[in-house]
1. Got at least one residue in the range 86-94 being under 26 Å from residue 178 (Cβ atoms) and touching a residue at least 24 places away in the same chain (Cβ under 8 Å)?
2. Could you figure out which of (1) in contact (Cβ under 8 Å) with a residue 24 or more places away in the chain; (2) under 15 Å from the mean Cα position of the chain (by Cα); (3) surrounded by 17 or more Cβ atoms within 10 Å (Cβ to Cβ); (4) part of a loop (DSSP other than H, G, I, E, B) isn't true of residue 79?
3. Let me spell it out: the conditions are (1) over 16 Å from the mean Cα position of the chain (by Cα); (2) over 14 Å from residue 6 (Cβ atoms); (3) surrounded by 15 or more Cβ atoms within 10 Å (Cβ to Cβ), and residue 156 meets all of them except one. Which number is the exception?
4. Considering only the range 21-54, state which residues are in a helix (DSSP H, G or I) and within 26 Å of residue 108 (Cβ to Cβ).
5. Please count how many residues of the range 97-119 are under 20 Å from residue 85 (Cα atoms), in contact with a strand residue (DSSP E or B) (Cβ under 9 Å, 6 or more places away or on another chain) and part of a loop (DSSP other than H, G, I, E, B).
6. Would you check if residue 34 is surrounded by fewer than 21 Cβ atoms within 10 Å (Cβ to Cβ) and in contact with a strand residue (DSSP E or B) (Cβ under 7 Å, 6 or more places away or on another chain)?
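Each reported figure results from applying straightforward, stated rules to the coordinates on display, with no laboratory input. Here the structure is a predicted model, which means the values were calculated and not measured. Here the Cβ positions follow ideal geometry from the backbone for every residue, glycine too, while neighbour counts run over all protein chains shown.
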């Protein structure tokens, strides 16, 4: 079981625009052409930030057009938030707040032998990294620049922490970088 931050970023290192939009990403390729189908098959639990959750709610028709469902996840999801959130009928979503270390044992137990996916955002992934709970960083870098936005991982991590394990081309617009996170 690994705790993985699997995400996409613009060439200049942003995962979303300043208003949390992911629309730029949908222009770069199709989900079936990425490593996502293989990746999600190994996921047993999800950790998600509240901005990502809100974006999914507010753009459910776009999400459904891309993935086939307004709530595209079958496994339990923990949404880290400090504000009340609207629940999605039929989705196994659990709202939590506070230190990621407090919730991690429950997420790990629920995932079992499968992986825990940190969907986003970058700050939530950074909290897992700070706590020594992040095992792998998988970033699909797209042929786009945003100029400003939500950073990929708002932490300073040097080569002694990140060990590049794989580089793959995903069609004409994306590459995928995989890093082990050394503790």
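1. Within the range 86-94, not a single residue is under 26 Å from residue 178 (Cβ atoms) and touching a residue at least 24 places away in the same chain (Cβ under 8 Å).
2. Evaluating residue 79 over (1) in contact (Cβ under 8 Å) with a residue 24 or more places away in the chain; (2) under 15 Å from the mean Cα position of the chain (by Cα); (3) surrounded by 17 or more Cβ atoms within 10 Å (Cβ to Cβ); (4) part of a loop (DSSP other than H, G, I, E, B) leaves (4) as the failure.
3. So residue 156 meets the others, but not (3).
4. 36, 37, 38, 39, 40, 50, 51, 52, 53, 54
5. The number of residues fulfilling the criteria is 2.
6. yes
For (1) more than 30 Å from residue 166 (Cβ to Cβ); (2) in contact with a helix residue (DSSP H, G or I) (Cβ under 7 Å, 6 or more places away or on another chain), each residue gets a yes or a no:
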site: 42; (1), (2): no, no
site: 78; (1), (2): no, yes
site: 90; (1), (2): yes, no
site: 103; (1), (2): no, no
